[in-house]
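The values are calculated or read from the model by the stated rules, or taken from the named source; none is laboratory data. Fair warning: this is a prediction, and the values are worked out from it, not measured in the lab. Here the Cβ positions follow ideal geometry from the backbone for every residue, glycine too, while neighbour counts run over all protein chains shown. Please note that ligands, DNA and RNA were not included when accessible areas were found on the heavy atoms of the full protein model with its side chains. Shrake-Rupley method; radii C 1.70, N 1.55, O 1.52, S 1.80 Å.
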Amino acid sequence: MSVQAFKKVKTPFNDCAVLHEGTMRDGSAYNVIQLDRTHLSDIIALHNKAIQMLSAEEKAFMLPKPASFFVDHFNRNHGNTVLGVLHNGKLVGESIVLNPSIEHPKTGMVDMAPVGAPDSITLIQGVTVLPSYRNNGLMHGMVKAWLNYGVKADKGHALAEVDVNNIASWATFLDHGMEIPSIGVDPSDGTVVYNVHETIPNIEKKRLTQAFNAVAPGCKTCPIHDIETQKSMLDQGYVISGWKKSTKEMILRPV
């Protein structure tokens, strides 16, 4: 065999930082990598392909974005990035990471009081996975990579916004130690959303102890679809800190 056969094949992703390494259900490996503006064509192509493959019901959770959105994303703040899931050299998933700054402080969160200075915040948005790659825990991998990025970038707060009906998404954030302190309504389309938040230092502590998986004293439960009761309890000073999959109940703890 020639020496040429042993050379590593050059791809657009060879030089990307790897933020998380995971394994598919079939045992094959995937990486979550940090993309930049040089990968715009790949990012846009995956977004469009994923939208085309969604069912009508699923499209309610993922609205199409024009190419200009991704260009503006990288231009707006120096720290903005996109995470990509790489499997066998192919991009099969991605998520948008927004890092506000003093010059561009908007977070896009609704009905939520500021949690800190703009440059102390990192947000994840627009999580996308090709339908054929679902049920491989790729959102878990991307959220873990995002939180790893938050530690590396010395961020103080992690934020996300998710449709209350998108169980797979909000469950993933709760599984990683984040909490839901409030419920809002997106003024653009009336969607009811969970505001998800936790400090990066607290997330690091929870990763070490896993104590957040246990129901703490004083906690109460509420059916996952009883949004009005949840909102009332959050207004009273509780936060949603977890959920019981077997009984389909949210776990709320007093702050």
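Three semi-axes describe the equivalent ellipsoid of the chain; taken as square roots of 5 times the Cα gyration tensor eigenvalues and ordered largest first, they are 32, 20, 19 Å.
Counting only DSSP beta bridges whose two residues both lie in the chain, roughly 95 percent are antiparallel. Using a probe of 1.4 Å, the accessible surface attributed to Met109 totals some 40 Å² when neighbouring protein chains are kept in position.
Placing one equal scatterer on every Cα of the range 30-100 and applying the Debye formula, the log10 ratio I(q)/I(0) at q = 0.20, 0.22, 0.23, 0.27 Å⁻¹ is -0.87, -1.01, -1.08, -1.29. At full extension, Asn48 and Ala113 could sit 20.1 nm farther apart than now, given 0.36 nm per residue minus the alpha carbon distance. Compute the signed sum of charges (Lys and Arg +1, Asp and Glu -1) over the other residues within less than 13 Å, Cβ to Cβ, of Asn136. Computed value for this residue: +1.
Note on Lys90: aspartates and glutamates with a C-alpha under 19 Å away, same-chain residues under 8 apart excluded, are Asp15, Glu21, Asp26, Asp36, Asp42. Secondary-structure-derived ellipticity at 222 nm for the chain, considering helices only, amounts to -8000 deg cm²/dmol, per-run term -39500 (n - 2.57) for DSSP H runs with n ≥ 4.
Taking all protein chains into account, the per residue accessible area for the range 13-159 stands at 48 Å² (1.4 Å probe). Applying 1/(1 + (r/R0)^6) with r as the Cβ-Cβ distance of Val185 and Glu21 and R0 = 41 angstrom yields a FRET efficiency of 0.60. By accessible area, using a 1.4 Å probe on protein heavy atoms only, the range 83-185 has 51% of its surface on carbon and sulfur. Relative to the current alpha-carbon distance between Ala56 and Ala29, full extension at 0.36 nm per residue lengthens the span by 6.6 nm. A probe of 1.4 angstrom, applied to the heavy atoms of all protein chains, finds Glu103 with accessible area near 140 square angstrom.
Think of each Lys and Arg Cβ as +1 and each Asp and Glu Cβ as -1; about the Cα centre, that makes the dipole of the chain roughly 820 debye.
Using the Cα centre of the chain as origin and beta-carbon charges of +1 (Lys, Arg) and -1 (Asp, Glu), tell me which of Thr247, Ser232, Asn135 is placed farthest towards the positive end of the dipole. Working it through, the farthest residue towards the positive pole turns out to be Asn135. For the range 159-186, backbone nitrogen atoms closer than 17 Å to the point 7 Å from Thr209 Cα along Cα-to-C-beta are found at 175-179. A Förster distance of 30 Å, applied to the separation of the beta-carbon atoms of Asp163 and Arg76, puts the FRET efficiency at 0.80. Rounded to the nearest whole angstrom, the semi-axes of the ellipsoid equivalent to the range 13-159, taken from the Cα gyration tensor as √(5λ), stand at 24, 18, 15, largest first.
Excluding the site residues themselves, the longest part of the chain lacking any trypsin sites (Lys or Arg not before Pro) in a DSSP loop with at most 16 other Cβ atoms within 10 Å is 135-244.
With angles folded into 0 to 90 degrees, how steeply does helix 138-152 sit against the dominant principal axis of the chain? Use alpha carbons for both and round to 10. The angle comes out at about 90 degrees.
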